[in-house]
Amino acid sequence: MRLGVLRWGVAGVTATVTAALLVTGCTNPLRSSSSSTSSSPQPVPSAMQPLAKFYEQKLSWTDCGSSAKCAYLTVPVDYAKPDGPTTQIKVLKVPARKESSRIGSLVVNPGGPGGSGVEYARYADFIVGAPVRRAYDIVGFDPRGVASSSPIDCIPDAKLDDWLAQDPTPDTPAEVATFGANAAAFGEACKANAQPLVEHVSTVEAAKDMDVLRAALGSAKLDYLGKSYGTFLGATYAGLFPTHVGRMVLDGAMAPDLTQEEMLLGQAKGFETATRAWAQSCIDDGCPLGGSVDEVMTGLSALLRKLDATPARVEGDARVKQLTEGWAAYGVAAAMYDQGMWSTLTSALRPLMEKNDGTALMGLADTYSERNVDGTYSGNMMEVISAVSCLDSSDSPDLAVYEKRAKDFSAQAPVFGTFLAWSGVTCGKWPIPATGKPGPIAADGAPPIVVIGTTRDPATPYEWAQRLAAQLSSGVMVTFDGDGHTAYTRSNSCIDNAIDTFYLKDTAPQDGLRC
């Protein structure tokens, strides 16, 4: 069990309405050779000659709803074996609104790991500014193992329900042993049921796929918008292919040198900060948990402990009949990604506190986990997030390590600390050795790369953005002083104007810009 670094599925629904109100005008876009594009695939980089058949492929586009076009990109399962098995990456393109002003293709990734870039790109009108939408084809892809790109499916949906519902904060030796056994069983199921791709879904491999996509799109340089985990994917790409980087924006940034422990502690503190901001909103709306921020936080912790011992009832769901502490934690976390969801959380807590009815909070948990009330899942993020994360970085197999972390984390983040501390066990028990390890990325030789950090971002704390921008040789730091996860097209015209100008005119924001 672990919290994703992206929740566009949660925030996106409310953010689209906000974005529609905040889109601002801009001067006509200017063409630039930095993002040159043609109808033919680009020449194969000399270092990639063994992969020529992949770099030289042409995408065959077909209609796939509204104005969107879809295609499949073929890539090797194992880049070390280009003549071995292949897999297909689904790609969706929403053409530029104004062909006469078209600059090129803007590849987008919403994060996760496990978020569907195909579904994200369908919201092209809302995920980029209106001037950018006129000038770029918006292109999304499902990374290998995700959604419609040979999706990893580790366990049946009913067992995934049990996995997510389990006690996320074991506090007795028996509960600790059960938690460890469950994590090991989950990893073994992924290893057994998702071969051969489960061993090749690392971020490095996804970044290599993205360079093949760049060439197939006819782009000499990759123009890119990555959010949340998508920033790690973008930074990894920049480190591998610095001279192929075009206009790159990394919003809600992850620092690539974070260890699993650092990442989980950072998220615990980030969610704690966001929850305290929500607590004041809850008080303003008549909070059922208390009349001060400290009372609300204490009341929320007490509520989660109560659900650990005695789950609340859930009505109208085909399979889940009880709101456990695990489901409740996901429901609360879901609302932290966008302040537009805060009132929904407050409303969901009232029937839970007054009538022991957890149905509304379970609804938030369903939104987080891409789950439907009929018990099916619309995506596979809750499985693939572990497969990718655990290949990228390992963690300790010793359960005693997590017991100590739980104490340390909870002292710094009383509500979310224990939950996030124990979530590392999944990678600690992962049966496939990690192929990556944390380390800084400089991307020497790349043009300016814009990094955006939001000061009260729950999932990717602001400090991570500062850390990434400092590591990148050409990093440009932009700050949004606000709430929620990520910034561009969410709520601030200062951010939007700066990023629109970058994409349209190849003029990076001033380093240190604060909005």
Take the chain, mark every one of the GluC sites (Glu not before Pro) that falls in a DSSP loop and has at most 16 other Cβ within 10 Å, then report the longest stretch left between them, sites excluded.
57-314
Tell me, how many Å apart are the Cα centres for the range 336-401 and for the range 438-478?
27 Å
So how strong a dipole does the range 373-515 carry about its Cα centre when Lys and Arg Cβ are +1 and Asp and Glu Cβ are -1, to the nearest 20 debye?
260 debye
How far apart, in nm, are two points set 7 Å out from the Cα along the Cα-to-Cβ line at Ala174 and at Arg350?
4.0 nm
Dipole magnitude of the range 220-292 about its Cα centre (Cβ charges: Lys, Arg +1; Asp, Glu -1), debye to nearest 20:
260 debye
Let me have the relative contact order for the range 70-204, percent, based on Cα pairs under 8 Å that are six or more residues apart.
23 percent
Positive-end residue of Pro82, Tyr72, Ala124, charge dipole of the range 72-169 with Cβ unit charges:
Ala124
For 79-90, 384-395, ranked highest to lowest by mean beta-carbon neighbours within 10 Å, the order is 384-395, 79-90
Given an 8 Å cut-off on Cα distances and at least 6 residues of separation, report the relative contact order of the range 442-497 as a percent.
40 percent
Beyond 23 Å between alpha-carbons counts as too far, so tell me which of Lys227/Lys505; Lys221/Lys437; Lys269/Lys407; Lys53/Lys227; Lys227/Lys404; Lys159/Lys321 fall in that bin.
Lys221/Lys437; Lys53/Lys227; Lys227/Lys404
Excluding residues fewer than 8 positions from Lys93 in its own chain, the aspartates and glutamates with Cα under 17 Å of it are Asp63, Glu119, Asp125, Asp137, Asp142, Asp209, Asp211, Asp223
Provide the solvent-accessible area of Ser150, counting protein heavy atoms only and rolling a 1.4 Å probe, rounded to the nearest 10 Å².
60 Å²
With the cut-off at 1.5 for a/c, could you classify the range 244-346 from its C-alpha gyration tensor as rounded, prolate or oblate?
prolate
Charge dipole of the range 293-365 built from unit charges on the beta carbon (Lys, Arg +1; Asp, Glu -1), centred at mean Cα; most positive-end Cα among Ala365, Gln322, Ala335 is Gln322
Per-residue ellipticity at 222 nm attributable to helices in the chain (runs of n ≥ 4 DSSP H, -39500 (n - 2.57) apiece, nearest 500 deg cm²/dmol) works out to -13500 deg cm²/dmol
Lys, Arg +1 and Asp, Glu -1 on Cβ, resulting dipole of the chain about Cα centre, debye, nearest 20:
1360 debye
Cα gyration tensor, the range 147-289 - rounded (a/c under 1.5), prolate or oblate
oblate
Percent antiparallel among DSSP beta bridges confined to the chain, rounded to 5, stands at 40 percent
Three-way shape label, the range 81-220, alpha-carbon gyration tensor, a/c 1.5:
prolate
Lys/Arg +1, Asp/Glu -1 at C-beta; the range 418-515 dipole; positive extreme among Ala421, Ala459, Val476
Ala421
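The values are calculated or read from the model by the stated rules, or taken from the named source; none is laboratory data. For clarity, every value in this text was computed on a predicted model and none was experimentally measured. Glycine also receives a Cβ, built like all others from the backbone with ideal geometry; neighbour counts cover every protein chain displayed. The protein model used for the area step is the full one, side chains on, heavy atoms only, and it has no ligands, DNA or RNA in it. Shrake-Rupley method; radii C 1.70, N 1.55, O 1.52, S 1.80 Å.
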